[in-house]
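Here is the structure we will look at, set down as structure tokens.
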Amino acid sequence: MSSPVVELRGLTRSFEQGGVRIDVLRGVDLAIMPGEIVALLGPSGSGKSTMLQAVGLLEGGFGGEISIAGQAAEKSDAHARTALRRDHLGFVYQFHHLLPDFDATENVVLPQLVAGKPKAEAEARARELLTALGLGHRLDHRPSQLSGGEQQRVAVARGLANRPKLVLADEPTGNLDEVTSDKVLGQFLELVRGEGSAALIATHNERLAARMDRVVRLHDGHLE
Ligand SMILES: Nc1ncnc2c1ncn2[C@@H]1O[C@H](COP(=O)(O)OP(=O)(O)O)[C@@H](O)[C@H]1O
Ligand SMILES: [Mg+2]
């Protein structure tokens, strides 16, 4: 029996807005098994990004339990959380956040160097991923020389570069037109499946969500 790559128990998060407290997450429970691709659906403002930030161990202020690869993150110190993030998680955002002065290959190489991989190996991995995403002819182009869909595919390659057990994606194709969005999401899912990573992908698009293994919906601070 394998164990979940991520397990959330009673996850809560509240914010103060103009002196009023709003409870965005009111006790979210979720377990994702290795290799499982889960769509996180919910309208704008339902708390999808907040939930992904919690799972990504990027911010504090959460209640409840988050375990990543069997380790309780809420009981870990900042150093251990950084290690959990680096060793197990990959991120893809709605806006690519690529480094403008680096080309596509370099943007995918960098996080691997940070993780301690030798340069030649990191470059080979970057080329492999970018080529699998149909960017073999764009390896040394900078972000400004790429279309929106191409930029987002570079961001996908970067998110997968360190072979994360779990990829967290926040509306990864949310700023692309419908046709490009469908294409990039299809390539993203195919690559994640091929790599055997699990993924939690926030979207407000039912049609895109239907292409994933399982759909969970955020409603009134709970998953249904
Ligand atoms: N840093 C913050 N401070 C105050 N309110 C926040 C903050 N981050 C998110 N919120 C509020 O939490 C709710 C959920 O936001 P978010 O997680 O971004 O939703 P979604 O990603 O589903 O659109 C919104 O009402 C938003 O205004
Ligand atoms: Mg959001």
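The values are calculated or read from the model by the stated rules, or taken from the named source; none is laboratory data. Quick caveat: nothing in here was measured; it's all calculated off a predicted structure. Note that we place each Cβ from the backbone using ideal geometry, even for glycine, and neighbour counts take in every protein chain shown. We work out accessible area using only protein heavy atoms, side chains counted, and drop any ligands, DNA or RNA first. Shrake-Rupley method; radii C 1.70, N 1.55, O 1.52, S 1.80 Å.
Taking first residues from the stretch 42-59 that are over 12 Å from TYR93 (Cβ atoms) and within 8 Å of ligand 1 (Cβ to nearest atom) and partners that are in a loop (DSSP other than H, G, I, E, B) and open to solvent by less than 60 Å² (accessible area, probe 1.4 Å), the Cβ contacts under 9 Å between residues at least 6 apart in sequence or on separate chains come to SER46/GLY221; GLY47/GLY221; LYS48/GLY42; LYS48/GLU171; THR50/PHE62; MET51/GLY42. Assessment of the stretch 90-101 against the conditions (out of contact with any strand residue (DSSP E or B) (no Cβ under 8 Å at 6 or more places or on another chain), surrounded by 15 or more Cβ atoms within 10 Å (Cβ to Cβ) and farther than 29 Å from SER2 by Cβ) yields at least one matching residue.
Is it the case that the stretch 8-16 has a residue that's open to solvent by less than 20 Å² (accessible area, probe 1.4 Å) and touching a residue at least 24 places away in the same chain (Cβ under 8 Å)? Yes. Of all the residues in the stretch 188-208, those that are open to solvent by 20 Å² or more (accessible area, probe 1.4 Å), closer than 20 Å to GLY56 by Cβ and within 16 Å of ligand 2 (Cβ to nearest atom) number 1. Once the stretch 173-184 is narrowed to residues that are within 19 Å of PRO43 (Cβ to Cβ) and more than 16 Å from ligand 1 (Cβ to nearest atom), the residue that is least open to solvent (accessible area, probe 1.4 Å) is SER181. If the condition is being touching a residue at least 40 places away in the same chain (Cβ under 8 Å) and either acidic (Asp, Glu) or within 15 Å of ligand 1 (Cβ to nearest atom) (or both), then the stretch 17-29 contributes ASP23, VAL24, LEU25, ARG26, VAL28, ASP29.
Here is a check on your reading of the model: is SER2 polar (S, T, N, Q), surrounded by fewer than 16 Cβ atoms within 10 Å (Cβ to Cβ) and within 16 Å of ligand 2 (Cβ to nearest atom)? Taking the combined requirement at face value, the residue does not satisfy it. Taken over the stretch 36-53, the criterion of being away from ligand 2 (no atom under 13 Å from the Cβ) and not in a strand (DSSP E or B) is satisfied by GLU36 alone.
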